[in-house]
1. In terms of the ratio Rg/(2.2 N^0.38 Å) built on C-alpha atoms, what value belongs to segment C:87-239?
2. Determine which residues of segment B:45-67 fall in the zone a paramagnetic label at A:ALA64 would reach in this model, i.e. backbone nitrogen under 15 Å from the point 7 Å along Cα→Cβ.
3. May I ask for log10 I(q)/I(0) of segment B:62-247 at q = 0.12, 0.15, 0.16 Å⁻¹, from a Debye sum over the Cα atoms as equal point scatterers with solvent left out?
4. Which value, in Å² rounded to 10, gives the accessible area of C:GLU77 with a 1.4 Å probe and all protein chains present?
5. Heavy atoms only, 1.4 Å probe, whole protein assembly: order B:ARG350, C:ARG21, C:ARG73, A:ARG73 by accessible area, highest first.
6. Under 11 Å from the Cβ of A:ALA75, count the other residues' Cβ atoms, weight Lys and Arg +1, Asp and Glu -1, and hand me the total.
7. Take every Cα-Cα pair in segment A:106-196 and report what % of them are more than 22 Å apart.
8. Among DSSP bridges having both ends in chain B, what percentage is antiparallel? Round to the nearest 5.
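The values are calculated or read from the model by the stated rules, or taken from the named source; none is laboratory data. Because the structure is predicted, anything quoted here is derived from the model rather than measured. So basically every Cβ, Gly included, is an ideal-geometry build from the backbone, and we count neighbours across all protein chains shown. Side chains are part of the model used for accessible areas, which takes the heavy atoms of the whole protein and leaves out ligands, DNA and RNA. Shrake-Rupley method; radii C 1.70, N 1.55, O 1.52, S 1.80 Å.
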Amino acid sequence: MRLRFLRAPHVALLCCSLLAGPSLLGAQTPRDTVIGTPTVPLAPGRVAPSVRGIAIDERIAQDAGVRVGDTLRIAAEAGTTGEPVVVDALVRRSADPSEVARSEYRVRLHLDHLQRLTNAIDRVDRFAVAVRPEAGPSAVDSLLAGVNHVAFGFRAHASRDVAVESSRTFQVVDRFHRAIGGITIVASAVFLLCILLLKVEERRRAVAALRLAGLSRRTVALSVIAEAAVVAVLGSGVGAAIGWVATLAVNAHYQRVFRTPLTFALLTPRIALFAVSLSLVLGIVAGALAAWRLVRTPPLTLLGR
Amino acid sequence: MRTTLAWAALRRHPMRTLLAIFGLAIAAALLIDMVMLATGMRASFRSLLTSQGYQLRVTPKGTLPFDTEASVGGASALVASLRTHPDIDRVSPSLGTTVQVSIGDRATSAFALGTTAAVQGEYLLQGGREAAVDTVLREVVVNAAFLERLGATLGDTLDVGTERSAQLRQAGRRAQVVLVGVVRFLYVPPGLPAMAAPLPALQQFLGAAGRDRISLAMASVRVDGRDAEAQLARIEAVRQWIETEHPRVTAISTETAIVQVEERLAYFRQLAFILGALSLVIGVLLVTTLVSLSVNERLGELAVLRAIGVPQAGVLQQIMLEGLMLGLAGITLGLGLGLVTARWLNTILRDFPGLPADLDFFVWSPEAAWKALGMLLIASTVAGAIPAWRAARVRVAQALREEAVA
Amino acid sequence: MTAPTGNRDGTPLLEAHDVQRRYEAGESTVHALRGVSVAIRRGEFVAIVGASGSGKSTLLHLLGAVDAPDAGRVIFEGRDISRLSDAEATRLRLLRVGLVFQRFYLMPTLSALENVMLPMAEAGLAPAARRARAEELLRYVGLGERTGHRPTQLSGGEQQRVAVARALANEPALLLADEPTGELDAATGAALIALLQRLNADGLTCVLVTHDAALAQSAQRVITMKDGRIVQDTGASPS
Ligand SMILES: Nc1ncnc2c1ncn2[C@@H]1O[C@H](COP(=O)(O)OP(=O)(O)OP(=O)(O)O)[C@@H](O)[C@H]1O
Ligand SMILES: [Mg+2]
């Protein structure tokens, strides 16, 4: 005999909320890409006779309708005339999580060009130094120590330390996600348990009838538990599917809003498996709890007489 | 009597009722948190921006205050021009830069702000005194992080330079300054060492890079007895006047700044909205499930009530009361739960690098919270209405007959 | 005592004129009542008997405005109650008709006293007044000491007496009972019959459906039904 005590959409909805929590921001290596076809190759040190070339953000190109080859004016300060430049290339933003919310435009100039334009002759903000590959990681450490000890007006940082520092925003968001994810999981678990228990309770008359018909407590309890488990698993499967569709929508939306190729929500098989197995466990627990209550109570009491 | 019946119906299955209340409490807690998140950032940011009475911020064209190193020249003319506008009653210009400071063998880089003590809206004095008005960099006030980083105390003399070099001393500009006061900067992240000095002194110290330049001018628009709407319109008029009069700058009003920040943090608001909506739906679902369960079990009893003369409205009311009671209990419990989790989540988000100390993400705004909880209460009552309606419409004679058979 | 009064004159309290009631059960139609006419005078004690399925409960429901006939009219206190709106019918049941069922149907979550107070609360009686009257009614049915007990703490006979007290709560003009002794043993049933007779002696009009020969015998008038028709009536008024 089948006990139909749950309507799947309830559970599906819950699992959906379960999945909304631990969705992860995909971590990708940040690297801007040149996407325009440069009419003049961007080569460091190349000095054009009169008009210099620059590379601009794809966003400026889109928003202002600028194309490769167009001539723009560039100035260090608003209100001044500046000088003409030609757009040599378009640059697409990298998928860098720490840059997600930054919406300002960017242009790239040759170093000497920017130094002259901003009157910062022979000045730089930083150097990137590559250590010979055969030198190994210990060489990096001793080099860092050396530079920082002599302190020629610089401070040297290993790239990995810089990466850690610059990903702090991301880490905070990540921790927040984990917290919200945890809360959502606990909440969904409670909801699932509540609804499953209530739904099993709804079957108390059917259970009473089975018991009166002479089925053993064990059989009745097992059928209740099996029913709850099956429905929980089916529901979480549907929930995972809805969650997957939701990740598509979330990614499409935020990639458009923040103009980034970054992946915002990712439904990995591990997460799906987690959701399904959590629902399975909850289903069994709820089924067992309800079954225990139901089979302990005399059938006539269950009938409410 | 209807209340007694509703109450008795809930007490009849205490386990069930407790479970539903617990579930509702969690839904309510989630809802409160999400409302606090959605409205809190805006409220907190607004109160931060307006705490010193300045409603307009004038920055180099296309930038946000101190977001880049950009500055505008011809500052005195710009400030003088702003002061001529009849609706502007105060202007506070400031220049921000990064300097290197050292005392003994300790050194750090610090954010330096040139301001005019009399009108500045950047910091609050907490100890010592303001730096004396001067055109040469001699006295500074600093924040707690500054003192901590250098192990310095009030009265100490420090070395300030534009370059970090000991060896290349001649390359940068340098000055000896006395630390005269401790302040709390409103818009500087608490962990960042920062100092403030009189604007002309800092400009002079920076040489060509600072001559008559500022990074930001804050303007306060006169407030009079007009209503808020008229006041906003007046601020907007001043803002437009500044931008047309001075094409080199951008004028940002509190409203537009809030809109911009909201755009950047849209993600959190949307997350809050989705989770909040979900918890509402789940609250409704829980109440509907519980109340339908209880109605189904009592259909006969309800038919008897109808038979002995209880009108449809009476049955409806009694059952909706059950939903209302569940909602009330759940919300009361959820309120406490929500406040605790909000505090926890807030400490997590407060770790965002570069946030001013006074910015909060989760802010208890009674109006928003009561609205949300009211919504949940109404939702849970209405959720009870669906099964209640079914119960009230029961065909009396038929149900009595079925009850007799059951 | 207080209880129910009614003047024992000759005018009918309740009349059914050629009432019919059909039930659509799938394809087939069951004619539960095929045209029943009956007049019940104030102060009468009437028993309706007949084989199972002959339409007794259906008739009782029509007389008490619990259900409406498909054809024919029911006149109660001079008013046609066969086409009442739900709200009007409910009000009528609350104030003018007392109903007693075979299975008592007390509210299991309320005490005996609260069960009796329930209809008075619905009728808008002040709390103090309803408590006083409920206590009095429970004393009248012999349960003055059990007012705080829940239905589950009472025997079947006691429950049925609480149900009678509840039916009397708003001083109805008519008491309708569907097999009130059906769930009771002979002795308890006899006590209940005595109670109903006492009520009738105090002036209350009683109509009851019964299979119980003892109860039928105690009635002044017995109406026998068969296949949805009245086949015998010991006290039909010559009309
Ligand atoms: N809802 C219904 N649908 C179909 N038939 C019905 C329905 N209710 C009653 N009937 C039929 O109407 C007829 C009269 O029913 P009723 O309950 O009035 O009989 P009764 O005389 O009270 O019987 P009993 O002594 O067994 O209580 C029966 O044949 C019954 O099957
Ligand atoms: Mg019957």
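1. 1.07
2. B:61-63
3. -0.61, -0.88, -0.98
4. Taking all protein chains as shown, C:GLU77 has close to 70 Å².
5. I get A:ARG73, C:ARG73, B:ARG350, C:ARG21, largest accessible area first.
6. That sum, taken over residues with Cβ under 11 Å, equals +1.
7. Result: 62 percent of Cα pairs exceed 22 Å.
8. Of all bridge pairs located within chain B, approximately 80 percent are antiparallel.
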